[in-house]
Amino acid sequence: MKILVADKFEKSGLDGLKALGAEVLYEPDLKDDPLAKRLAESEASILIVRGTKVSAQMVESSNLAVIIRAGAGYNTIDVAAASHHGILVSNCPGKNSQAVAELAFGLILACDRHIADNVIDLRSGVWNKKKYSEAKGLYGRTLGLIGMGKISQEMIPRARAFGMNVIAYSRWMTPDIAAALGIGRASAPEDLARMSDVVSVHVSLNPETKGMIGKDFVDAMKSGAIFVNTSRAEVVNQAVLLEGVKEKGLIAGLDVFEGELASGEGEYSGELRNADRVYCTHHIGASTEQAQEAIAAETVRIVREYKLTGMVPNVVNIGKAELATHLLVVRHLDKVGVLAHILSVLKDEGASVQEMENIILGGAKAAIAQITVDKKPSDEALKLIKSNSNVFDASCFEIAK
């Protein structure tokens, strides 16, 4: 097995790959045409990247079987081209959740207290305590979360620590799940915008989320509200957001934005360089030692599973989810055997599982399983699932198409 690592990667990860008996080619500076040429001549079967773009040309010239994105988002990989050539694309979801949540809250605080402006003025010899004593504060205010994946779930306890109320919008979040998480539920993004003092976006980039933060959303936001995006730049209509900053006094904290550099270093001369009330960081949400070590370990696990079983965890281009018709929600004790019981019932029912997520609630004693299936489970199946002594309740919802 030959692996080409075409990005910076932790030593622990490289050592882990070598321990699997793989031939590891570590060439972190490869990009564009040189990467395509190296893929063709190296005959590597696995490619590992972080931010490096993987184009259709690279895929076509390679002998790859698997591409692993050592991170969560995979929009830098031409997944369609990989699928066309029978190449599996995998990622490492959730391993950077804490890091991104930490930065998101850092941006929230920076926006509310104008921390960057404080520092810039003081370094210039300007003392302006009067101007910077006008923060609203976070206690008692409402944080609105767009999306309810692992990062948003990490945001909830952090918000509570600051005394904030939390509401969320997610296509998949039912009233039961919101109640179990102890948060409010918005029925539409614009409703969330109207209720929130702070909005933080945590969704993956796909055709449904691209441009979802547009004019209707910004118009619905409160004057002077804080908007934070640590997901993907394409989720937000940047021109509309900047108009909201100008006309409504919004404050924006952006770790991702239009025109950000793909390289580690360079010169930025985009429109956000001197934008008032806009605080940008360098797309560093996942860039902590803790997160990168966790991602490296997950990458090694993916390779290990592939070597031992031929199966690739976390594949993003199988495309089963589009067949899902119903969402099964099961509230249960977090005990061994519960999920196996549920899946056994679904198997006997002839229902194919498309996606599955098990949310562990605070205290690690109870959990909520969200399972999408390709048919509605019968009433008898629901009764059988609930017959398990560790199951509190089970309900099924039709997925809106």
Would a scan of region 267-286 turn up a residue that is of a type outside the set (Lys, Arg) and assigned to a helix (DSSP H, G or I)?
no
Considering each of VAL235, VAL218, VAL300, VAL245 in turn, give the residue that is modelled with pLDDT of 95 or more, outside the structural domain of ALA178 (by TED's automatic domain parsing) and either farther than 24 Å from GLU10 by Cα or in contact with a Gly (Cβ under 8 Å, 6 or more places away or on another chain) (or both).
VAL300
Please tell me if SER83 is in contact (Cβ under 8 Å) with a residue 60 or more places away in the chain and assigned to a strand (DSSP E or B).
no
Enumerate the strands (runs of 3 or more DSSP E) found wholly within region 14-78, keeping only those where 3 or more residues are on the phi > 0 side of the Ramachandran plot.
none
Just for region 14-26: of the residues that are touching a strand residue (DSSP E or B) at 6+ places or on another chain (Cβ under 8 Å) and either of a type outside the set (D, E, K, R) or modelled with pLDDT under 95 (or both), which one is surrounded by the most Cβ atoms within 10 Å (Cβ to Cβ)?
LEU17
Tally, over region 41-59, of residues that are closer than 22 Å to TYR306 by Cα and surrounded by fewer than 22 Cβ atoms within 10 Å (Cβ to Cβ)
4
Which pairs have Cβ atoms under 6 Å, sit 6 or more apart or on different chains, and link a residue in region 147-167 that is in the same structural domain as LEU181 (by TED's automatic domain parsing) and in a loop (DSSP other than H, G, I, E, B) to one that is surrounded by 21 or more Cβ atoms within 10 Å (Cβ to Cβ) and not hydrophobic (A, V, I, L, M, F, W, C)?
GLY147/HIS202
Would you say GLU289 is closer than 24 Å to GLN98 by Cβ and among the acidic types (Asp, Glu)?
yes
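The values are calculated or read from the model by the stated rules, or taken from the named source; none is laboratory data. Bear in mind the structure is a predicted one, so any value in this text is a computation, not a measurement. Cβ coordinates were reconstructed from backbone atoms using ideal geometry, including for glycine residues, and neighbour counts include every protein chain displayed.
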